[in-house]
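Chemist: Here it is: the structure, laid out below.
The values are calculated or read from the model by the stated rules, or taken from the named source; none is laboratory data. Quick caveat, the model's predicted, so the values are computed rather than measured. Here the Cβ is made from the backbone with ideal geometry for all residues, glycine too, and neighbour counts use every protein chain on show. These accessible areas exclude ligands, DNA and RNA; they are computed on the full protein's heavy atoms, side chains included. Shrake-Rupley method; radii C 1.70, N 1.55, O 1.52, S 1.80 Å.
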Amino acid sequence: MLVINGSHRAEQGFTERVVQAFVQGAEAGKAGCEVLYPARQKIAPCASCGKCLFETPGACRYHDDMDAIIAKMEAAELLLLASPVYFDSMSSALQKMIERLRPTFGPYFAFREGRTYHLKSREQQQKAVVISTAGNPERETFVSISRVFNRVVKSMGAQLVGEFYFPASHFMVSHPELLAGQLEAVTMAGKEFAADGSISRELLAQGNKEYVADPERAVQGISRMILEMRERYRLEQEDN
């Protein structure tokens, strides 16, 4: 299973905590897992030059870390795509990586279900899972990123079998007891995914079970926490 965590904070972020819960289950299910962090990779932005279409079909004008990433993505039967919500969508690091997947598509198109799709040569359909976290406490935060991930995965020719969303991600530190059941479900989902590329509805429901009782009150707590952090930082700077 190939795991791509688009967090700019890589292993230090809250997204990684959920990712590792899923990976733990997948490894218990005997799946080999590799985690990649686009923010740490050398990835030039797509120039939309068309070279991969006309001059060198299937090959990008840039030869950087995307060569290895594409090879690993093409070889993987199972994918986990993860990103925090920074500004109503996936991280810029992950978006940049996805845009560089253009050489993996052929020059031909198909129109189905009201949409235009690039055609891929891959015969076997990959299975994918999505994980996202956000500082905002309301689940409405994930409406846009869920829609984007659904479109992206379908455009990649893969099948999205599950999504896990964790609002008020700082609760993982401040109120870990509220998320224990959800993270356990994510681990069990990883094991199921590794076994047969599917996740039960029960685990999806448990993993996405609400744990923020009052989002407005949670926002007030977040604001106080940030002010306290800023004050501590100010005092530390004065001491130095």
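Chemist: Within the stretch 35-59, find all residues whose amide N lies under 17 Å from a label point positioned 7 Å from the Cα of Phe109 along Cα-to-beta-carbon.
Modeler: 48-54
Chemist: Can you give the % of DSSP beta bridges in the chain that are antiparallel, to the nearest 5?
Modeler: 15
Chemist: What per residue convex hull volume, in Å³, do the alpha-carbon atoms of the stretch 35-77 yield? Before the final figure, lay out each step's value.
Modeler: Details: hull volume 3.4 nm³, N = 43.
Once divided by residue count, the hull of the stretch 35-77 is 79 Å³.
Chemist: Given a Förster distance of 45 Å, report the FRET efficiency between Asp64 and Gln206 from their Cβ-Cβ distance, rounded to the nearest 0.05. Walk me through the numbers before you get to the answer.
Modeler: Details: r = 40 Å, r/R0 = 0.89.
The computed FRET efficiency comes out at 0.65.
Chemist: Let me ask something else. Take the solvent-accessible surface of the protein heavy atoms, probe 1.4 Å, and return the percent of it on the stretch 113-237 that carbon and sulfur atoms account for.
Modeler: 52
Chemist: If R₀ is 22 angstrom, what is the calculated FRET efficiency for the pair Val219 and Arg151, using the beta carbon separation as r and rounding to 0.05?
Modeler: E between Val219 and Arg151, to the nearest 0.05, is 0.15.
Chemist: For the residue pair Glu140 and Glu74, what label-to-label distance in nm results when each label sits 7 Å from Cα along the Cα-to-beta-carbon direction?
Modeler: 4.4
Chemist: Determine the gain in length on full extension of the stretch Asn240-Ser198; use 0.36 nm per residue of separation and subtract their C-alpha separation, reporting nm with one decimal.
Modeler: This chain segment gains 9.8 nm when fully extended.
Chemist: How many Å² of accessible area per residue for the stretch 109-240, probe 1.4 Å?
Modeler: In whole numbers, the stretch 109-240 has 59 Å² accessible per residue.
Chemist: Who wins for biggest fluctuation among Val85, Val186, Val212 in a Gaussian network model of the chain, springs between alpha carbons below 10 Å?
Modeler: Val212
Chemist: Along its three principal axes, how long is the stretch 127-240 when you only count alpha carbons? Whole Å, largest extent first please.
Modeler: Per principal axis, max minus min of the Cα coordinates gives 56, 30, 29 Å.
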